[in-house]
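The values are calculated or read from the model by the stated rules, or taken from the named source; none is laboratory data. The structure displayed is predicted, hence computed values, not measured ones. Because the Cβ atoms are built from the backbone with ideal geometry, glycine has one as well, and the counts that use them run over all protein chains shown.
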Amino acid sequence: MVLEALKGKRAVSELAAEYGVHPTMIHHWKKALLEGAPDIFERGGKKKAEIDEETVRSLHAKIGELAVANVFSRKLKPWPSK
């Protein structure tokens, strides 16, 4: 999708509608790709970023909370109006 956006043959709004994402996300992804692309070709490679176990556990817990909240928000129906 980002490569299609970079080619410029289709509008970002078209791509966003087709793939079901917000156009702003496509712009962010394009920027990230353009800024990070030169690093792919550097010799010697870069060391991968290390994330400590506690951060991973914390993030997994947050993902779980958000997933549960998402399920409940979809299941709840608004009160009938009079």
### Hey, GLY64 more than 16 Å from MET1 (Cα to Cα), modelled with pLDDT under 90 and either assigned to a loop (DSSP other than H, G, I, E, B) or out of contact with any strand residue (DSSP E or B) (no Cβ under 9 Å at 6 or more places or on another chain) (or both) or not
no
### Message
Just checking, does region 4-25 include any residue being assigned to a loop (DSSP other than H, G, I, E, B), in contact (Cβ under 8 Å) with a residue 24 or more places away in the chain and surrounded by 11 or more Cβ atoms within 10 Å (Cβ to Cβ)?
### Response
no
### Message
So the check is Cβ under 9 Å with 6+ separation or different chains; which pairs have a first residue in region 29-57 that's within 26 Å of MET1 (Cα to Cα) and surrounded by 10 or more Cβ atoms within 10 Å (Cβ to Cβ) and a second one that's β-branched (Val, Ile, Thr) and at pLDDT 75 or above?
### Response
TRP29/VAL2; TRP29/VAL21; LYS30/VAL2; LYS30/VAL12; ALA32/VAL2; LEU33/VAL2
#### Entry: Tally of residues being in contact with a helix residue (DSSP H, G or I) (Cβ under 7 Å, 6 or more places away or on another chain) and at pLDDT 90 or above across region 34-57
0
